[in-house]
Amino acid sequence: MYAARDFKKDEVVIKYNLKPLTKQEFENLPQSEKEFVHIHRGVIHLYSEPERYVNHSEKPNTYQDLTNWYDVTLRDIRKGEMITTDATKDDI
């Protein structure tokens with residue numbers, strides 16, 4: 001996913017619209033959707049669009065605020081720049 005505009009450091013880039021899933025709902029998902037599932041604090045979540053398309057990076061330009069459910073910029077991001085995050089907070 002790429003920035004549609006410039007963002008300043010500490011600005012919210014994207015708010016998550018996560019769908020909590022039961023284990024049965026997860027098992028019934030098509031394989032193509034399972035790619036967008038993560039576990040946070042023991043709860044299975046399906047990421048919706050567009051947050052499911054944020055790329056992971058060892059040098060991300062956003063961080064995941066898993067209390068408020070959004071990504072926040074670590075530095076200024078310019079329009080057209082790829083938005084990346086550190087997914088090491090994911091349980092899976």
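Structure notes:
- For segment 47-62, the candidate set comprises residues that are touching a Ser or Thr at 6+ places or on another chain (Cβ under 6 Å) and surrounded by 14 or more Cβ atoms within 10 Å (Cβ to Cβ); within that set, the residue that is farthest from Lys15 (Cα to Cα) is Ser57.
- Residue identified as more than 11 Å from the chain's Cα centre (by Cα) and buried (at least 16 other Cβ atoms within 10 Å of the Cβ) among Ile44, Ile14: Ile44
- Whenever a residue of segment 21-42 is under 24 Å from Thr67 (Cβ atoms), its partners that are among the basic types (Lys, Arg) and surrounded by 15 or more Cβ atoms within 10 Å (Cβ to Cβ), lying with C-beta atoms within less than 9 angstrom and at least six residues away or across chains, give the pairs Phe36/Arg52.
- Residue match in segment 20-36 (condition: within 10 Å of the chain's Cα centre (by Cα) and surrounded by 10 or more Cβ atoms within 10 Å (Cβ to Cβ)): yes
- Counted residues, segment 63-92 - those being surrounded by fewer than 13 Cβ atoms within 10 Å (Cβ to Cβ) and modelled with pLDDT under 95: 5
The values are calculated or read from the model by the stated rules, or taken from the named source; none is laboratory data. Predicted, not measured: the structure shown is a model, and the values here were computed from it. Using ideal geometry, Cβ is built from the backbone for each residue, glycine included, and neighbour counts are taken over all protein chains shown.
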